[in-house]
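Participant: Supplied in structure tokens, the structure appears directly below.
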Amino acid sequence: MPEIKGKSWKDSLKTRKYEEHKHCIVCGRAIHISQDFCGQECKDQYNKADKKKSKKNTISIVIMVVMVIAILIVPRLLGM
Ligand SMILES: [Zn+2]
């Protein structure tokens with residue numbers, strides 16, 4: 001009985017160890033579960049990309065708002 005218990009405990013530990021790791025979301029290197037990046041370099045790179053991404057999102061939102069306003073206002077300007 002203790003042998004089986006010990007084995008399953010070991011197995012669960014192994015599985016846990018295997019599960020408890022992440023990959024750096026920038027370069028894909030294995031990192032600790034509590035971290036998002038393998039180092040400062042990847043963190044900086046991600047933050048840069050994220051800023052670019054959010055800027056792009058803001059631009060597309062502005063374009064959409066302008067288009068909606070245009071759709072609402074242009075018929076009035078044309079006297080429809
Ligand atoms: Zn990395």
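The values are calculated or read from the model by the stated rules, or taken from the named source; none is laboratory data. Only a predicted model underlies this, so the values are computations on that prediction, with no experimental measurement involved. Counting neighbours? That spans all protein chains shown, and the Cβs are built from the backbone with ideal geometry, glycine included.
Participant: Could you tell me how many of the residues in region 30-80 are more than 26 Å from GLU20 (Cβ to Cβ) and part of a helix (DSSP H, G or I)?
Facilitator: Of all residues in region 30-80, those more than 26 Å from GLU20 (Cβ to Cβ) come to 48-49, 51-80.
If we keep only those that are part of a helix (DSSP H, G or I) as well, we get 48-49, 51-77.
Residues in region 30-80 being more than 26 Å from GLU20 (Cβ to Cβ) and part of a helix (DSSP H, G or I): 29 in total.
Participant: Across region 69-80, what is the number of residues that are surrounded by 10 or more Cβ atoms within 10 Å (Cβ to Cβ) and either at pLDDT 90 or above or within 16 Å of the ligand (Cβ to nearest atom) (or both)? Quick ask: steps written out before the conclusion?
Facilitator: Quick first cut of region 69-80, residues surrounded by 10 or more Cβ atoms within 10 Å (Cβ to Cβ) only: 69-70, 73-75.
Retained after the next criterion (residues that are either at pLDDT 90 or above or within 16 Å of the ligand (Cβ to nearest atom) (or both)): 69-70, 73.
Of the residues in that region, 3 qualify.
Participant: Hey, does region 25-48 have a residue that's loosely packed, with under 13 Cβ neighbours inside 10 Å and more than 16 Å from the ligand (Cβ to nearest atom)?
Facilitator: no
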